[in-house]
Amino acid sequence: MVLTYVEYDDGGVDDVSLEALTLARDVADAEGESLEAIAFGADAEGVAAELGAHGVASLTTVDHGDLDGYAPEGYARAIVQYAEESGAGTVIAPGTDRGAETLSHVAAKLDETMAAEVTDVDVGDAYEITRQRWGGTLIEHAELHADTNLLTVAANELSAADTGGDPAAVSTFTPDLQPSDLRVKLDRVEESDAEGIPLAEARVVVSGGRGTDGDFSEIDALAERVPNAAVGSSRAAVNEGWRPHDDQIGQTGNKIAPELYVPCGISGAVQHMVGCKGAENILAINTDPEAAIMQKADYAIVADLHETAPAIAEELEAR
Ligand code: FAD
């Protein structure tokens, strides 16, 4: 059996978990095994239909008072106990902060190895895996030899495929926790005061870099004209104190996968591109035709952003 840890919120299963299920389903098919999911919290049952539509045969929910919110070692204990009880040969997690943290604790508890940022698995005597290193700037091929194969799936690399299956059958599991499983436990969450659409969910992201010279008014105005758009920035703009770190796109910032990414006054450093390589299309606005971003963009405008961004916004307004 292939077991996948999934995350969800009010809007349903999160996108990276659905992407992880795409890989998990391929592995399960290749192994001739069933695909199961495990989810935490009182509302987990609510995603059974969505999981079923993504090929999950059964969902195990864990609703334990001590794990309310999040407790990585406690989550890991529950996954280990359930995996052992159900005979899971493979455990897969989404490449989210929590997915990676939880699965690394699973590996520690099982005294197993684990492969992170996986994008493909060729199932044979061993798992031949393809995975990303350095934020996707390096692709690595490796063999994984393990009694229980533990994988996290790189975010924004695979499409989440709806297979149209029936709702997953739901059962509950109560782990036998030890005090050490609660050494780290979520205490409280402080929401970022960022307004508008989250970068990860925006259909269009308009972004500004050092080329803005600190004036983001035209970038903001352009994003406001586009439905479902958000504003991002390069690290240079964050370092200058022009934008909060929440807005940063790149290796040390957000990873985005919008339909359209519009970097304005951004040179296209590799550390920036790591964050936006999931974009379907890139429209770069830059005064320098030799800037690296121009080679990586699908469309490029060689011009001053302070003239081009308002001109595009004006055109959109007129339509
Ligand atoms: P610059 O490289 O200075 O480029 C500015 C661009 O604006 C130039 O191409 C210029 O031609 C253009 N320009 C100037 N004026 C105009 C104008 N009026 N109109 C149009 N174009 C104009 N960077 C990130 O972005 N995200 C990260 O997560 C990140 N992580 C990093 C992690 C590490 C470990 C390291 C070492 C670096 C990281 N960086 C990251 C920094 C990265 O290497 C670059 O320094 C940074 O992305 C540059 O930002 P920029 O493109 O805004 O600035």
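The values are calculated or read from the model by the stated rules, or taken from the named source; none is laboratory data. Small disclaimer: the values here were computed from a predicted structure and weren't measured. Don't worry about glycine lacking a Cβ; one is built from the backbone with ideal geometry, like all the others, and counts go over all protein chains shown. Just so you know, the surface numbers come from the protein's heavy atoms only, side chains and all, with ligands and any DNA or RNA stripped out. Shrake-Rupley method; radii C 1.70, N 1.55, O 1.52, S 1.80 Å.
Quick notes on this one:
- Members of region 142-179 that are surrounded by fewer than 18 Cβ atoms within 10 Å (Cβ to Cβ) and under 21 Å from the mean Cα position of the chain (by Cα): SER159, ALA160, ALA161, ASP162, THR163
- Selection from region 261-272 of residues that are closer than 21 Å to ASP215 by Cβ, polar (S, T, N, Q) and part of a helix (DSSP H, G or I): none
- Only a single criterion out of (1) away from the ligand (no atom under 16 Å from the Cβ); (2) under 13 Å from GLY275 (Cβ atoms) is not satisfied by VAL153, namely (2).
- Scanning region 45-63 for residues that are open to solvent by less than 40 Å² (accessible area, probe 1.4 Å) and part of a loop (DSSP other than H, G, I, E, B) yields HIS54, GLY55, VAL56.
- Some residue of region 113-129 being of a type in the set (D, E, K, R), more than 29 Å from PRO258 (Cα to Cα) and buried (at least 16 other Cβ atoms within 10 Å of the Cβ): no
- The C-beta contact set for region 68-89 (first residue part of a helix (DSSP H, G or I), second residue modelled with pLDDT of 95 or more and aromatic (Phe, Trp, Tyr), distance under 7 angstrom, 6+ apart or interchain) comprises TYR75/PHE40; ALA78/PHE173; ILE79/TYR5; TYR82/PHE173.
- Taking (1) open to solvent by 30 Å² or more (accessible area, probe 1.4 Å); (2) part of a helix (DSSP H, G or I) in turn, GLU19 satisfies each apart from (1).
- Selection count where residues are over 24 Å from GLY65 (Cβ atoms) and without any contact (Cβ under 8 Å) to a residue 40 or more places away in the chain, scope region 29-48: 4
- Residue selected from region 273-291 under the condition near the ligand (Cβ under 8 Å from one of its atoms) and surrounded by fewer than 18 Cβ atoms within 10 Å (Cβ to Cβ), by the criterion farthest from THR212 (Cα to Cα): ASP288
- Count - residues of region 73-112 that are in contact with an Asp or Glu (Cβ under 6 Å, 6 or more places away or on another chain), of a type outside the set (Gly, Ala, Ser) and surrounded by 23 or more Cβ atoms within 10 Å (Cβ to Cβ): 1
- Unmet requirement for PRO258, which otherwise passes all of (1) surrounded by 21 or more Cβ atoms within 10 Å (Cβ to Cβ); (2) within 11 Å of the ligand (Cβ to nearest atom); (3) assigned to a loop (DSSP other than H, G, I, E, B): (2)
- Unmet criterion (only one of (1) under 30 Å from GLU117 (Cβ atoms); (2) open to solvent by less than 20 Å² (accessible area, probe 1.4 Å)) for LEU222: (1)
- Restricting region 200-249 to residues that are in a helix (DSSP H, G or I) and under 16 Å from GLY278 (Cβ atoms) leaves a set whose member that is farthest from the ligand (Cβ to nearest atom) is GLU201.
- For the criterion of being of a type in the set (Gly, Ala, Ser), open to solvent by 50 Å² or more (accessible area, probe 1.4 Å) and modelled with pLDDT of 95 or more, GLY211 fails.
- Within region 142-169, residues that are of a type in the set (D, E, K, R) reach partners that are open to solvent by 40 Å² or more (accessible area, probe 1.4 Å) with beta carbons closer than 7 Å, at six or more positions or on different chains, in the pairs GLU143/GLU128; ASP147/GLU112.
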